[in-house]
Amino acid sequence: MARRDIATLFRTPWIIISRSLAFIIQLFVFAYLMSGLITSYHGFFGYYAVGSVVATVASISFIIGYDIFEEAEEGLLDYLLTLPIPRREFIIGRALGGAIRAMIYTIPMFVIVAVLENFANPLSLLAAFLDMSLLAFGVTGLSITVAVSVRSANRFDVVLALLELAVSRASTALYPFNYLPGYVQAIAPYSPVTFAADSARAALTGFSLDVLGVAGLVAFVAIFLGLGATFYFRRLEGGVYA
Amino acid sequence: MSAIHLIPRVIERDVKILFSDSFLIGIMFANFCIDLFVTAATFGNLIGSSYFLRIAPGSNLITAMVAAFQSGRDIWREKYIKDLASYLLTLPIPRKVFALSRITGGVARSVIATFPGTLVISYLYGILFSPRLIEAFVIVGVFSLGIVGLSIAVSAFASTVEVFATVRSAIQLYLSFLSTIFYDVSLFPAIVQPIVQTNPMTWAMQAFRALQSQGSTLYPIAILVGPSLAFALLGALCYLWYTKL
């Protein structure tokens, strides 16, 4: 199942093209030009570069929800459920596939940022990669939860886009905490994207381990992977897709 | 009933589709709020409070863009998912009139979806209780016209939802980051400046900024009309082409 989901993403080059284009334009146009305007925060480009990789991991991890929703809408799920695979393995496979493909996809971007910002310590790179992997697993679970909870196609599309926007913007991935508006500062510390971004930055720039961030990520993964699996299992067994 | 009298019926149908899911309108407003009160407010803190007001209309125009693309997506869904296109084309209305009505319906939807956002921006610019409020809605309408045209053109050629979503993302990137929402055109490399200067978002932003500075919006709107009409015409032609298939 996981291999199928990985192959599905790479068989649809359109998604890869659009997200890569978004990353390149955001980094080399938006962040570059904005860093010239922002004088109150030194090193905005570097800050944004790491954050944009973390935000991209979250963004790609959300795609599994679109796949699951479309499969149900187009009737492909009926076929998948006839395959000789136990339901639990089917669901775990979907979650694994969604997260692994997000990480495979983000590696080239991570390499670009590492080269640009001279991140060369292998342990720091590994720690940041693990942070992002945890985020990918958690967001995959969140996306599956939404995909099996929302019924209307239009509504699903917009809800997922909003959720994607909210978890990235209401976090410290793209903007430094001290400059966020007060009401965002109140929620940003609890965002899984903040956990991943802060932890990755601590590893890459400070060569340290952000224990709180890692613990937050593990809790996020446990909650949403569990919730996603439970909701998906209930939908399948309840015959909602039949 | 003459064909002209059928135009409001088609527009009404498109608007009803928007209101069939009022939750969707709420979500679009939430999207606008995140753009304005998180992104723009943060950049206001990073650069200066005047910068917040400078980029604020961008949040509303991005919402207009999202709403406009929903129209194209609905037309795509009618064709590939709901199998409604054949039925709609049997209705007693000339194709050209039908195509123009769909575009007008899309513009109406965008203006409705951005109605609260336009009011918020007008409040921030101090024109909420001034006749200039009408100009704010005109800017959103003219801008939406072009984007609805583009989204219908994309829906005519996209055979899968992935292709539609990819082209939509590319257009959204062009409109958002290669325009003057965040930075002045002079900051771009000389080779990119013509792309920025022909971007409809650039002129929609200039028009809104003219409202803020109590200047005339005539010049930026006059320029915005050019690409908007061109994109609307493209959308109409693509829609007519696809109805012949």
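Quick note: the coordinates plus some simple rules give every number you see, no bench work behind them. Everything numeric in this text was worked out from a predicted model, so none of it was measured. A quick note on method: Cβ atoms are made from the backbone with ideal geometry, for glycine too, and the neighbour counts reach across all protein chains shown.
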Out of A:Tyr41, A:Tyr47, report the one residue that is in a helix (DSSP H, G or I) and either of a type in the set (Ser, Thr, Tyr) or touching a strand residue (DSSP E or B) at 6+ places or on another chain (Cβ under 6 Å) (or both). A:Tyr47
Selection status of A:Pro176, without any contact (Cβ under 8 Å) to a residue 60 or more places away in the chain, within 25 Å of B:Thr42 (Cα to Cα) and not polar (S, T, N, Q): no
Part of a helix (DSSP H, G or I), of a type in the set (A, V, I, L, M, F, W, C) and touching a residue at least 40 places away in the same chain (Cβ under 8 Å): does that describe A:Val115? no
Filter the stretch B:204-213 for residues that are more than 15 Å from B:Leu150 (Cβ to Cβ) and assigned to a helix (DSSP H, G or I); which is nearest to the chain's Cα centre (by Cα)? B:Met205
Could you please find all residues in the stretch A:1-45 being touching a residue at least 40 places away in the same chain (Cβ under 8 Å), under 23 Å from B:Ile55 (Cα atoms) and away from chain B (no Cβ under 12 Å)? none
Quick check on B:Gly117: is it crowded, with 22+ Cβ neighbours inside 10 Å and touching a residue at least 12 places away in the same chain (Cβ under 8 Å)? yes
Filtered residues of the stretch A:17-42 (kept if buried (at least 17 other Cβ atoms within 10 Å of the Cβ) and closer than 16 Å to A:Arg101 by Cα): A:Ser18, A:Arg19
Select the helices (runs of 4 or more DSSP H) contained entirely in the stretch A:124-218, then report the ones holding at least 2 residues which are of a type outside the set (D, E, K, R) and either more than 14 Å from every other protein chain (Cβ to nearest Cβ) or surrounded by 20 or more Cβ atoms within 10 Å (Cβ to Cβ) (or both). A:153-169, A:192-205
Condition check: closer than 19 Å to B:Gly26 by Cα, more than 14 Å from chain A (Cβ to nearest Cβ) and surrounded by fewer than 22 Cβ atoms within 10 Å (Cβ to Cβ). Does B:Val97 satisfy that? no
